[in-house]
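What follows is a short report on a single structure.
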Amino acid sequence: MSAIKNQTPNEPAVESGTQAVRPLVAIVGRQNVGKSTLLNRLAGRRIAIVEDLPGTTRDRLSANVNWLGHDFTLIDTGGVEIKGSSIFSDDINRQVDTAISEAAIILFLVDAKDGILPSDQDVAAGLRPVKERVILVANKADNEKTDIISAELHRFGLGEPITISAYHGRGINDLLDAVLKRLPQAPSNVAVSSDNNLKIAIVGRPNVGKSMMLNHLLGQERVIVSEIPGTTRDAIDTVFDFEEQSIILIDTAGIKRRGHQGEGVDKYSVIRSLDAIDRSDVALLVLDAEELVTAQDLHVAGYLQQAYKGIVIVINKWDLAKNLNKSEVTSCVRANFKFMKYAPVLYTSAKDGSGISDVIPQALDVYRERLKRIGTGELNSTVQQVLAKHTPPHKGSRILKFLYVTQAEVNPPTFVFFVNDVTLMHFSYQRYLENQLRNNFGFNGTPLRLIFKTRGK
């Protein structure tokens, strides 16, 4: 943690539009003291993966917290390893240093049951130069005995410890009150709103270069990059501005096919990734140019399709595909992803940065297509022309009749067709209608949701 010394917190950034200035509060400590449990407790929902295994959290996780009308962003960090033997030790410590340099308040978390350990003393030594920003927190103080043990913590020289139990919720209000007293005041003319942020999830199977791509898009080392599959375990959110559009980039763990998922952390990492997809607007489906389309890629694509998310197919590691032709590769991808021929295809190298500058503009184009709304009159006129070109299906003497159509929603574009008898609809005719809507109105990069209702129901 060499970067801690003589640091001052960065000024809270004012994001464009109606975004608020939220002070950053970082949770710092050695491994397995309950940092992720505290993040989940303060956030009021399960964001970080919690396991009894040391080193479960590697990257910085964040959550927006409101206490008594005051907002701040809480950052969870990996366990500090001053003399770490883990292959990720240096990367984790660098991420911790970054969180500390950005934070207005640092919650130094220790285990009240363990007392003072040498590793805690090492972390405390690094925090003393910025002790005016440090709140000492003794976690796992589940009874009066641990309260007494926590009295030893005065030896850190970081002030009066606050005793809590993140698991049981004990002392959490006292901790939040202490944080509130130290929070810098946000400008009164800045409104709080994050609902309009475009949320882009970077998804794919393990080890296709998702984290390296995120770092390139942001222009900084936001997450740990390693050639070891499964390095990213949580869904990591990062907010940034692009051409006056506020964007949340979500890096996710590699999604494995159901039969190949392990237990514990591995299993929950996949769940986090699927949750990240569910709350995203557009997904960057990252493929490996050396392997192109695998069964796992199709598995991820199928989930995106079922979730009606905007999709950009990104063929990464193109620098390694010396003997491949883009036109032939695109044809191969289209042939494999027949169910999403509407998805644009990009070629990138997260290693040397080529093609990366096209990714966000393409995702924005897809997002704008998802927000497109067609007027009812124009929509019904077009559908009548489409019906005239291809007779609707029938059963015996009964023929499917279309009475009225309207666009009910955007993001995703949703169309409701009122018909005489919905049981007469055939999936092939539904596909025809979707293709004709695209031919007439675009909707590049996004699935369409078509709903059919029998008149009067």
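Can you list residues whose amide H is under 5 Å from A103's amide H, if they're 5+ apart or on another chain and H is modeled 1.01 Å from N?
Correct list: N10.
For segment 283-323, what is the accessible area per residue in Å², given a 1.4 Å probe and the full set of protein chains? Walk me through the numbers on the way to the answer.
Values: 1510 Å² over 41 residues.
Heavy-atom accessible area per residue stands at 37 Å².
Ignoring ligands, DNA and RNA, what percent of the accessible area of segment 312-457 is carbon or sulfur (1.4 Å)? Present the calculation step by step, with values, prior to reporting the outcome.
Details: 3670 of 7480 Å².
Within segment 312-457, the accessible surface is 49 percent carbon and sulfur.
For segment 304-379, how big is Rg over Rh, using alpha carbon atoms and the Kirkwood form of Rh?
Numbers: Rg = 15.1 Å, Rh = 14.2 Å.
In segment 304-379, Rg relative to Rh is 1.06.
Taking 4 °C and 1.567 mPa s as the conditions, I'd like the Stokes-Einstein D for segment 289-335 in µm²/s, using the Kirkwood hydrodynamic radius from alpha carbon pairs.
Numbers: Rh = 11.8 Å.
Translational diffusion coefficient: 110 µm²/s.
Expressed as a rounded percentage, what relative contact order does segment 269-399 have, with Cα pairs under 8 Å and six or more residues apart? Mind dumping the intermediate values first?
Values: 118 pairs, mean separation 30.1, N = 131.
That works out to 23 percent.
Amide H of R205 versus every other amide H placed in the peptide plane: which residues, excluding those fewer than 5 positions away on the same chain, fall under 5 Å?
I255
Obtain the nm distance between the two label points defined at L183 and S397 by a simple spin-label model: each point lies 7 Å from its Cα along the Cα-to-C-beta direction.
7.2 nm
Over segment 320-426, what lengths in whole Å, largest first, do the semi-axes of the equivalent ellipsoid take, defined as the square roots of 5 times the eigenvalues of the alpha-carbon gyration tensor? Intermediate results must be reported in sequence, preceding the final value.
Details: eigenvalues 312, 75, 21 Å².
Listed largest to smallest, the semi-axes of segment 320-426 are 39, 19, 10 Å.
The values are calculated or read from the model by the stated rules, or taken from the named source; none is laboratory data. All values reported here derive from a predicted model rather than from experimental measurement. FYI the Cβ positions are ideal-geometry reconstructions off the backbone, even for glycines, and counts take in every protein chain you see. Accessible surface is based on the protein model in full, side chains and every heavy atom, while ligands, DNA and RNA are left aside. Shrake-Rupley method; radii C 1.70, N 1.55, O 1.52, S 1.80 Å.
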